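Read-outs throughout are calculated quantities, based only on the coordinates presented, and are distinct from any laboratory measurement. Note that the coordinates shown come from a computational prediction; the quantities given were computed from them, not determined experimentally. Note that we place each Cβ from the backbone using ideal geometry, even for glycine, and neighbour counts take in every protein chain shown.
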Amino acid sequence: MNTGTIFLIIASTLWGVVHSALASHGFKAWVGRLAGAAAFRRLYRFSYNLFSIASFFPILAALTVLPDQTLYAIPAPWVYFTSVLQGLAAMTLIAGVMQTDPWDFAGLKQLGGGAESATLITSGLYAWVRHPLYSAGLVFIWLTPQMTVNRLTLWSILSIYILIGAWFEERKLRRDFGEDYAQYQAKTPMFIPNFWRK
């Protein structure tokens, strides 16, 4: 295992731990007490997203500059098929964000003084799976046409983070929405849609 791989493992794991900790109810409550309820409502979501993007950028930069080795490349004509699936996954990500209100998602709505949405969305993409953004994200990264050691390392850590993060998010949603979310869980798959059931 080279130093680049070790760096990606440590950096992406640390990013995932910090990212999850900052989204926890405990941390939010602490920041709310420290900054005041009004300031917290306005600034938290936007600051959280800004920090997440800024702190992940060095990891993406390292992915491109660290020494790497190609593991495989998807040959034609299969690469055309996987590229179409990647495109559909990207469109699903965009549609999922649009469905949850992109201004609210980015924190710009709250920054402008609006209230954060507290509605449980169960229609559209969310009628098929409970976490369409995670599902589409996993499809997108794993259909990369060329897989390298660095990409395999980072994609594996991100996948583990998504699975663990989704579990914690489910607990938080159960706490926030109670029986409504429990019923939604009972009838809607977590990641893989039941097309035949629909």
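A few remarks follow.
- Axis of helix 132-142 versus longest Cα principal axis of the chain: the two differ by about 20°, to the nearest ten degrees.
- Gained length - M1 relative to E169, 0.36 nm times residue gap less alpha-carbon distance: 57.2 nm
- Förster radius 25 Å - calculated FRET efficiency between F191 and Q69, Cβ distance, rounded to 0.05: 0.25
- Listed residue (Q146, I59, G107) projecting farthest to the positive dipole end of the chain, Cβ model: G107
- Extended-chain gain in nm, criterion 0.36 nm per residue less alpha-carbon gap, F177 and A35: 48.5 nm
- Largest mean-square fluctuation among Q99, Q183, Q86, in a Gaussian network model of the chain whose springs join Cα atoms under 10 Å apart, belongs to Q183.
- Within the chain, longest stretch clear of exposed chymotrypsin sites (Phe, Trp or Tyr not before Pro) (DSSP loop, no more than 11 other Cβ within 10 Å): 1-194
- Placing +1 on the Cβ of every Lys and Arg and -1 on the Cβ of every Asp and Glu, with no other charges, gives the stretch 79-198 a dipole of roughly 320 debye about its Cα centre.
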